[in-house]
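What follows is a single structure, written as structure tokens, with notes after it.
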Amino acid sequence: MSSPGSLDPVADCPFCHIVAGTRAARFVWETDAVVAFRDIAPAAPTHVLIIPRSHVPDALSLGASHAALLAELFVVARRVAEAEGVASSGFRLVLNVGTDGGNTVNHLHLHLLGGRPMSWPPG
Ligand code: AMP
Ligand code: ZN
């Protein structure tokens, strides 16, 4: 797979390093604006993170100017779900925000979790 490149790297952001190719990751999908790679500590048989190449800190940073980017994130999520074979069995998309939301990496990312039944409500 070709180098994913970087649009707006942030030096201390691990996901910007993944986008730039200076940190290893197992990529599963790439578009001009979005990359998807396997979570390093999977919480389900399929656990893929879908992120913008550009450094958007979190969901609280989003505005109307991000409309096309958000659409692309969700289109990539669908493509990944299909490629991973979980589209028909079902999957969960999670976007953690802030401390209580469990956010630990401050670069916007969608978790795609699948391959097992998910409980609700989450813990
Ligand atoms: P969150 O808690 O929503 O911020 O999710 C961050 C996720 O990033 C966690 O599930 C981590 O396991 C994952 N993660 C952190 N560093 C890496 C990395 N270098 N490569 C892949 N996944 C990572
Ligand atoms: Zn970043």
List, please: which pairs have Cβ atoms under 9 Å, are six or more places apart or on different chains, and start with a residue in region 83-99 that is over 18 Å from Ala36 (Cα atoms) and at pLDDT 95 or above and end with one that is within 16 Å of ligand 2 (Cβ to nearest atom) and part of a loop (DSSP other than H, G, I, E, B)? Val97/Asp58; Val97/Asn103; Gly98/Asp58
Which of the residues belonging to region 17-48 are assigned to a helix (DSSP H, G or I) and closer than 21 Å to Val94 by Cβ? Ile18, Val19
Top-ranked residue of region 98-115 - restricted to ones that are of a type in the set (A, V, I, L, M) and away from ligand 2 (no atom under 16 Å from the Cβ), ranked as most open to solvent (accessible area, probe 1.4 Å): Leu113
Residues in region 49-89 that are part of a loop (DSSP other than H, G, I, E, B), open to solvent by less than 30 Å² (accessible area, probe 1.4 Å) and in contact with a Pro (Cβ under 9 Å, 6 or more places away or on another chain): how many? 2
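The values are calculated or read from the model by the stated rules, or taken from the named source; none is laboratory data. Keep in mind it's a predicted model, so treat the numbers as computed, not measured. Cβ atoms come from the backbone with ideal geometry, glycine included; neighbour counts cover every protein chain shown. Each accessible area value is taken on the protein alone, full model and side chains, heavy atoms only, with ligands, DNA and RNA left out. Shrake-Rupley method; radii C 1.70, N 1.55, O 1.52, S 1.80 Å.
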